[in-house]
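Asker: Questions regarding the structure given below will be posed in turn.
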Amino acid sequence: MIKAIGFARLVVSAGLALALISGAEGVLRASPLPQKSAQDVYLDKCSVCHAKDGSGNTAKGRKVKAKDLRSAEIQKMSDADLIHDVAQGKGKDMDGFEKELGADMVKQLVAYCRSLAKQ
Ligand code: HEC
């Protein structure tokens, strides 16, 4: 009888240990993938119109008249205004990106646009 209880305990604690291990595995698997950099996202989502260098000199960029992001006209705008326009969209051709990319990435993208002007 005592032996049987001991065995039952062993089974229960082995089960618990397994549950803990698989739980930890679940946590590891759920950890987020490395974040994409603003540059990756820019090349993926923005360069089709704005070109790699920000000039807007692509077939699509010329068609929609994407402004040169390095120009004084854009660079003199405040971060808040640029963030607002990238988040909510501007004109009829540029969609807002906040829903898709999140507010934090929009900020990073505006910083990236500024960095293009300095290259
Ligand atoms: C489909 C083409 C297209 C894509 C894709 C696009 N843009 Fe634009 N973008 C435009 C056009 C056109 C304008 C000029 C809009 C206007 O002034 O009416 C513009 C303007 C801007 C401006 C200037 C905003 C202002 O207030 O004048 C910034 C900054 C900008 N885009 C950043 C981005 C970023 C960052 C991305 C990627 C997340 C992006 N754009 C994707 C077409 C595009």
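Asker: Starting from the Cα of LYS63, step 7 Å along the direction of its Cβ; do the same at MET77; then give the gap between the two resulting points in nm.
Answerer: Each label point is offset 7 Å from its Cα along the Cβ direction, giving 2.2 nm.
Asker: Give me, ordered by chain and number, the residues 5 or more places off GLY89 or on other chains with an amide H under 5 Å from its own placed amide H.
Answerer: When sequence neighbours closer than 5 places are left aside, the close amide H contacts are GLY96, PHE97.
Asker: Between VAL86, GLY102, SER115, whose Cα lies farthest towards the positive end of the dipole of region 72-119 when Lys and Arg beta carbons carry +1 and Asp and Glu beta carbons carry -1, centred on the Cα centre?
Answerer: SER115
Asker: Please label the shape of region 38-117 as rounded, prolate or oblate, based on the square roots a ≥ b ≥ c of the eigenvalues of the alpha-carbon gyration tensor (a/c under 1.5 means rounded; beyond that, a/b larger than b/c means prolate, else oblate).
Answerer: rounded
Asker: A further question follows. Within a Cβ distance under 12 Å of ASP79, other residues only, what is the Lys/Arg minus Asp/Glu net charge?
Answerer: +1
Asker: Which whole-Hz couplings ³J(HN,Hα) result when phi for each residue of region 102-119 is put into the Karplus expression 6.51 cos²θ - 1.76 cosθ + 1.60, θ = phi - 60°, listed in order with x for Gly and Pro?
Answerer: x, 4, 5, 5, 4, 4, 4, 5, 5, 4, 5, 4, 5, 5, 5, 5, 8, 7
Asker: Residue by residue through region 52-69, what is 3J(HN,Hα) from phi via Karplus (6.51 cos²θ - 1.76 cosθ + 1.60, θ = phi - 60°)? Round to whole Hz and write x for glycine and proline.
Answerer: For region 52-69, the Karplus curve yields 3, 8, x, 5, x, 8, 10, 4, 5, x, 5, 5, 8, 6, 5, 6, 5, 5 Hz.
Asker: Quick one: length gained pulling VAL48 to GLN88 fully straight, 0.36 nm per residue minus the C-alpha distance?
Answerer: 12.6 nm
Bear in mind these aren't lab numbers, they're just calculated from the coordinates by the rules spelled out. Predicted, not measured: the structure shown is a model, and the values here were computed from it. Cβ sites come from the backbone with ideal geometry, for glycine too, and all protein chains shown count toward neighbours.
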